[in-house]
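The numbers here are math on the coordinates, done by the rules we state, and not lab data. In this text the structure is predicted, and so the values were computed from the model without any measurement. Note that each Cβ is placed from the backbone with ideal geometry, even for glycine, and that neighbours are counted across all protein chains shown.
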Amino acid sequence: MDEGPESGFSFDTLHIADSDTRPDGEQESVNVKIVSRIFTHQHKVWFAGIAGLFIMLLVSGCSRVDYHWGWYEVLPTTPPGNANLRFMLQGLWMTLVLAGASILISISVGLLVALPGLAKNRLLKVLNRVYVETFRSVPTLALILIVSWAVRWMENRLGARVSMG
């Protein structure tokens, strides 16, 4: 068995002597190296040691005695816990509603923008290309700033109050 130089990989060498001769009369021999084990025993010990150290650090970091989990804050059997749990569930529901509405709006706008690009009308294709390339060339941060300025302008102009987080 050959050991690679300081690599830790081990190889089995198989020597095959071919009894046939080549046309020039010389005999041919073939060396074939087969990787028998990628991880040696030494690699397995190191891996187990590192995994054990990681688990030990993970468990020891969670074993502080001076911290008490406040499960009573969301326990449905207590009045404050019940109120907090209902509040969190309302937030979850609102998140799902907003996500669904965002998906529907984005699919609709995406179709309205993409379908003219598939049309046979040259004017629609050109308008689609101009719109797409314009928004593709504007950096995301600039779009965020433009939208925030537009929202502030709408608040001042229309008197509407829009919450931006």
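The table below lists the values:
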quantity	calculated
Low-density loop positions, trypsin sites (Lys or Arg not before Pro), the range 72-165 - DSSP coil, at most 10 other Cβ in 10 Å	Lys120, Arg161
Chymotrypsin sites (Phe, Trp or Tyr not before Pro) within the range 77-157: DSSP coil, no more than 10 neighbouring Cβ in 10 Å	none
